[in-house]
1. Quick check on the chain: helices-only [θ] at 222 nm, where DSSP H runs of length 4 and up contribute -39,500 (n - 2.57) each and the sum goes over total residues. Nearest 500, please.
2. How far apart, in nm, are the 7 Å Cα→Cβ label points at residue 103 and residue 402?
3. Would you mind checking the tilt of helix 390-403 against the longest principal axis of the Cα atoms of the chain, expressed as 0 to 90 degrees and rounded to 10?
4. What share of the DSSP beta bridges in the chain is antiparallel, in percent to the nearest 5?
5. Which FRET efficiency value, to the nearest 0.05, is calculated for residue 231 and residue 18 with the Förster distance at 41 angstrom and r the Cβ-Cβ distance?
6. Whole-Å semi-axes of the stretch 237-439's equivalent ellipsoid, largest first, each the root of 5 times a Cα gyration tensor eigenvalue?
7. What distance in nm separates the two pseudo spin-label positions at residue 311 and residue 218, each 7 Å out from Cα along the beta-carbon direction?
8. What FRET efficiency comes out for the pair residue 154/residue 95, r = Cβ-Cβ distance, R0 = 22 Å, nearest 0.05?
């Protein structure tokens with residue numbers, strides 16, 4: 001391992017440590033108390049972001065349960081550098097939120113139509129009036145949701161005022177505040193130096209608010225929304241009896257994606273339990289595909305992956321970034337490992353080594369450790385390192401992924417059902433159950 005890699009590994013271990021998180025939170029509360037400030041949560045609402053629409057439906061309950069103050073900001077879409085494939089993101093988000101709304105018990109009545117720019121401007125103007133008005137509490141959030149419902153149903157809102165310079169100024173101010181605090185998306189909640197994206201991460205904020213003993217004594221015990229756990233407790237005879245044809249779960253993965261790593265074992269457990277085949281479809285990391293991943297995005301991904309790994313009880317944080325040569329060396333060995341029926345084991349060993357053990361996969365010493373921990377032969381592996389055939393396979397996987405309307409990893413496909421994100425395995429499990437019921 002190089003000196004640079006060793007320093008990077010120590011820094012990442014510090015940045016992702018639970019001790020550092022607790023110290024930072026304690027410091028944030030000390031600063032808040034000394035200034036006499038309330039427990040203030042800032043929320044960034046983007047009208048044409050469906051995740052914002054779901055989040056707005058949860059904020060009255062958040063205020064009520066914890067007695068916090070919420071300051072809303074009206075924002076525009078993320079900048080181009082943060083969204084390398086905007087058209088696919090917009091199309092996928094609408095599809096994803098339809099499923100998420102059903103799963104969470106919230107509502108998203110999407111017309112499915114292309115919504116005219118005039119409707120967006122009218123909705124923004126309505127929210128600008130609301131944000132600057134005197135409406136507070138539950139009534140305020142009901143108004144936000146009502147405006148969102150009208151917008152997503154592609155209906156014309158009653159214009160409260162014209163889309164004036166005042167509305168543009170309010171959106172610009174929200175954008176500036178969001179950028180100053182270090183983010184770029186809509187549907188974001190910020191508290192005490194930490195960001196929470198959409199309802200998928202709201203439970204992490206609730207955890208902190210409960211640690212601060214802010215929950216009402218009569219508040220519900222559960223979270224407003226918690227990511228669904230996999231249902232792997234039914235009789236295992238289901239696996240061999242449910243399907244006439246063995247299902248194939250395609251797992252689009254990158255060795256440089258921390259989310260690919262933290263979901264890998266769960267994806268395998270899901271496939272094994274339902275008697276499905278997990279097919280690894282590796283792609284080059286975004287940076288190696290020429291897509292930008294700026295500083296703000298890298299920092300958020302690291303912080304978010306850390307807390308998700310902690311939630312899932314996956315070891316994480318001692319990182320040796322595999323960008324470049326290490327990824328290429330790993331991919332060069334994947335077809336060989338697959339020929340021996342050990343591609344998943346090798347992939348998991350590689351990702352665990354670089355994301356939680358600080359192993360430099362760019363060096364022979366580190367890669368040998370990975371190969372042997374997957375019960376593969378290093379002497380044979382060394383003969384494969386100059387193999388370039390994997391590049392065509394990685395490119396074919398990338399093209400297929402884009403054709404499916406997905407551009408990032410980890411992503412999954414089962415038949416015609418596709419989903420993106422380590423927190424969407426439930427979509428695949430729901431489809432497995434549906435297929436099994438059809439064949440029963």
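1. Values: 18 runs with 235 residues, N = 440.
Taken over the chain, the calculation gives -17000 deg cm²/dmol.
2. 2.7
3. Its long axis makes an angle of about 30 degrees.
4. Percent antiparallel among DSSP bridges in the chain is about 55.
5. Working: r = 29 Å, r/R0 = 0.71.
In this case the efficiency is close to 0.90.
6. 27, 20, 17
7. It works out to 2.9 nm between the two label points.
8. Given R0 = 22 Å and the Cβ-Cβ separation, E is 0.85.
Just so you know, all these numbers are worked out from the coordinates, no wet-lab data involved. No experiment lies behind these values; they were computed from the predicted model shown. FYI the Cβ positions are ideal-geometry reconstructions off the backbone, even for glycines, and counts take in every protein chain you see.
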